[in-house]
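Take a look at the structure below.
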Amino acid sequence: MLTHTLEHGVLVITVGRDPGIDGRAALSTQMAHLIEAHAPTPVVVDLTDRAASIATVSAVLRAHQLCGRQGVTMSVVTQSARLRRLLENDADTACSRLTLHTRRDAAVAACFTPAA
């Protein structure tokens, strides 16, 4: 369901398929373990086209809340305009800003560029 790598000191978590409602909790737990193990490393979550679903959005938003509590920056990469809108509308802005990208390389590079 997911893979991870370190790219230029950034934890990149790739969600390769839709976990479905039944797999949402497992995806959230796997992402949380990776984030906690690599903190305070910035996080980029890369959502493939096969992962585009409401269940994935829910798991990503939970990971965003965890990152916010730990002071870790998090970005999401998705080609889906629908998912970007859902993530943008439902992100918990009280914890930290969720940055959205359409390209993985741009998301990783943005981890090192101060926000304007």
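Only one of (1) open to solvent by 30 Å² or more (accessible area, probe 1.4 Å); (2) among the small types (Gly, Ala, Ser); (3) in contact (Cβ under 8 Å) with a residue 40 or more places away in the chain is not met by Ala94, so which one is it? The single condition Ala94 does not satisfy is (3).
Could you pull out the residue among Thr3, Thr14 that is surrounded by fewer than 16 Cβ atoms within 10 Å (Cβ to Cβ), touching a residue at least 12 places away in the same chain (Cβ under 8 Å), of a type in the set (Val, Ile, Thr) and not in a helix (DSSP H, G or I)? Outline the logic, then answer.
Values: Thr14 fails: surrounded by fewer than 16 Cβ atoms within 10 Å (Cβ to Cβ).
Just one listed residue meets the conditions, Thr3.
Of everything in the stretch 29-47 that is open to solvent by 20 Å² or more (accessible area, probe 1.4 Å) and either assigned to a loop (DSSP other than H, G, I, E, B) or in contact with a helix residue (DSSP H, G or I) (Cβ under 8 Å, 6 or more places away or on another chain) (or both), the residue that is nearest to Ala59 (Cα to Cα) is Ala32.
Being of a type in the set (Lys, Arg) and touching an Asp or Glu at 6+ places or on another chain (Cβ under 9 Å) holds for only one residue in Arg24, Arg62, Arg50, and it is Arg50. Taking the criterion of being among the aliphatic types (A, V, I, L, M) and free of Cβ contacts under 8 Å to residues at least 24 places away in the same chain, the only residue of the stretch 54-91 that qualifies is Ala81. When residues of the stretch 66-83 are filtered for being in a helix (DSSP H, G or I) and either surrounded by fewer than 18 Cβ atoms within 10 Å (Cβ to Cβ) or modelled with pLDDT of 95 or more (or both), how many remain? Result for the stretch 66-83: 4. Only residues that are out of contact with any strand residue (DSSP E or B) (no Cβ under 7 Å at 6 or more places or on another chain) and in a loop (DSSP other than H, G, I, E, B): list them for the stretch 48-62, please. Those that are out of contact with any strand residue (DSSP E or B) (no Cβ under 7 Å at 6 or more places or on another chain) and in a loop (DSSP other than H, G, I, E, B): Ala52, Ser53.
The values are calculated or read from the model by the stated rules, or taken from the named source; none is laboratory data. Bear in mind that the values here come from a model prediction, so they are computed numbers and not experimental data. Cβ sites come from the backbone with ideal geometry, for glycine too, and all protein chains shown count toward neighbours. Ligands, DNA and RNA are stripped out before the accessible areas are found, and what is left, the full protein with its side chains, is counted by its heavy atoms. Shrake-Rupley method; radii C 1.70, N 1.55, O 1.52, S 1.80 Å.
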